[in-house]
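> Quick one: this structure, given as structure tokens, is what I'll be asking you about.
The values are calculated or read from the model by the stated rules, or taken from the named source; none is laboratory data. In this text, all values refer to a predicted model and were calculated from it rather than measured experimentally. For neighbour counting, all protein chains shown are included, and Cβ atoms are generated from backbone atoms with ideal geometry for every residue, glycine included. In case anyone asks, the SASA skips ligands and DNA or RNA and just uses the protein heavy atoms, side chains included. Shrake-Rupley method; radii C 1.70, N 1.55, O 1.52, S 1.80 Å.
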Amino acid sequence: MVAIDVGQHLWQHPLFEGLADEQRAILRRRVSLHTFKRNEPLFEAHTSARHWFLIEQGLVKVHGRQQKPPRDVVKGLFGPGELIGEEALIFQKHYLYDAHALCDTVALAVPRKLTRTLAHNNPDWMWSLLQLIGSRLQLAERQVQALSSSDARGRVVFFLKDLAQRHGRKIGHEVLVKHYLTQQEIAEATGTSRQTVTSLLNEWKKKNVIYFSRYSVLIRDLDRLQ
């Protein structure tokens, strides 16, 4: 993890717009900008939750280990503008999950103690933060609903469409999603098997609904992805 001068990065983020000069000075001193290489951890489970993070660029996998049966469980993928490490926001002592960069990633690290200071002095900032947390909760609710009420096909469809909506890049009528995941990791994120993921991807590719390479999917027609 390499620390970088925070510079103007803070003021470009909507969460930090409109702060007074005094509060900006505090942020400049205490918030840091970090770069992470692929597979480098932003934080690990059971370590002290001293910071929460705002992702500026890249993609981060938040995941944990299930004991029975033993397997890795992907909690979610998060990209630019999204928040992770919320344990620090709600003043839990330790992170509950691991977070690893899936590609070169840049993130702002905000000390947990700074949150209380900013909230006390700026109710509007606290409201903006609550909206950001609310969007995160809505995403979690959608994910839980999709996992609990859909079959394997439906869960993989939801996963790809959600990635396309949140992190995809439109190319004409198509959407390119760079997810940096193996098919095994997609299976772990959707509660299915790698064989099922492979079968579905090949089926949609044969029907010209998608084209996929090692770490990306080009969705040719979102409506036909079903």
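> Report yes if some residue within segment 36-43 is on the phi > 0 side of the Ramachandran plot and buried (at least 18 other Cβ atoms within 10 Å of the Cβ); otherwise report no.
Going residue by residue through segment 36-43, those that are on the phi > 0 side of the Ramachandran plot are 39.
With buried (at least 18 other Cβ atoms within 10 Å of the Cβ) added as a condition, the list becomes none.
So far as segment 36-43 goes, no, none of its residues is on the phi > 0 side of the Ramachandran plot and buried (at least 18 other Cβ atoms within 10 Å of the Cβ).
> Residues 217, 197: which one is crowded, with 17+ Cβ neighbours inside 10 Å and at pLDDT 95 or above? Even if it seems obvious, please write down each step before you answer.
Working: 217 fails: at pLDDT 95 or above.
After ruling out the rest, the residue left standing is 197.
> Still on this structure, please answer the following. How about segment 168-184: which of its residues are open to solvent by less than 40 Å² (accessible area, probe 1.4 Å) and modelled with pLDDT under 90? Quick ask: steps written out before the conclusion?
First pass over segment 168-184, keeping only residues open to solvent by less than 40 Å² (accessible area, probe 1.4 Å): 168, 175-177, 179, 181.
Passing the criteria: 179, 181.
> Now a separate question. Of everything in segment 176-190, what is touching a helix residue (DSSP H, G or I) at 6+ places or on another chain (Cβ under 6 Å) and farther than 24 Å from residue 83 by Cβ? Give them in sequence order.
Result: 183, 184, 187.
> Could you go through segment 44-51 and let me know if any residue there is in contact with a helix residue (DSSP H, G or I) (Cβ under 7 Å, 6 or more places away or on another chain), farther than 22 Å from residue 103 by Cβ, among the aliphatic types (A, V, I, L, M) and at pLDDT 90 or above. Reasoning before the result, please.
Looking only at segment 44-51, we keep the residues that are in contact with a helix residue (DSSP H, G or I) (Cβ under 7 Å, 6 or more places away or on another chain), and these are 49-51.
Still in the running and farther than 22 Å from residue 103 by Cβ: 49-50.
From what is left, the residues that are among the aliphatic types (A, V, I, L, M) are 49.
Subsequent filtering for residues that are at pLDDT 90 or above retains 49.
Yes - at least one qualifying residue is present in segment 44-51.
> Of the residues that sit in segment 185-214 and are under 18 Å from the mean Cα position of the chain (by Cα) and without any contact (Cβ under 8 Å) to a residue 40 or more places away in the chain, which one is farthest from residue 66 (Cα to Cα)?
186
> To continue, here is another question. Can you confirm whether residue 31 is buried (at least 17 other Cβ atoms within 10 Å of the Cβ), without any contact (Cβ under 8 Å) to a residue 40 or more places away in the chain and not acidic (Asp, Glu)? If you could, list the steps in order and put the result at the bottom.
Working: buried (at least 17 other Cβ atoms within 10 Å of the Cβ): yes; without any contact (Cβ under 8 Å) to a residue 40 or more places away in the chain: no; not acidic (Asp, Glu): yes.
When the stated conditions are applied, residue 31 does not pass them.
> Checking residue 159 against (1) of a type outside the set (D, E, K, R); (2) modelled with pLDDT under 90; (3) under 24 Å from residue 81 (Cβ atoms): exactly one of these is not met. Which one?
(2)
> Exactly one condition in (1) polar (S, T, N, Q); (2) modelled with pLDDT of 85 or more; (3) out of contact with any Ser or Thr (no Cβ under 7 Å at 6 or more places or on another chain) is not met by residue 67; state its number.
(2)
> Looking only at strands (runs of 3 or more DSSP E) that lie completely in segment 50-164, which have at least 1 residues being free of Cβ contacts under 8 Å to residues at least 60 places away in the same chain and open to solvent by less than 20 Å² (accessible area, probe 1.4 Å)? Walk me through it before giving the result.
Details: elements: 51-57, 60-66, 71-78, 98-101, 105-111.
Ranges flagged: 51-57, 60-66, 71-78, 98-101.
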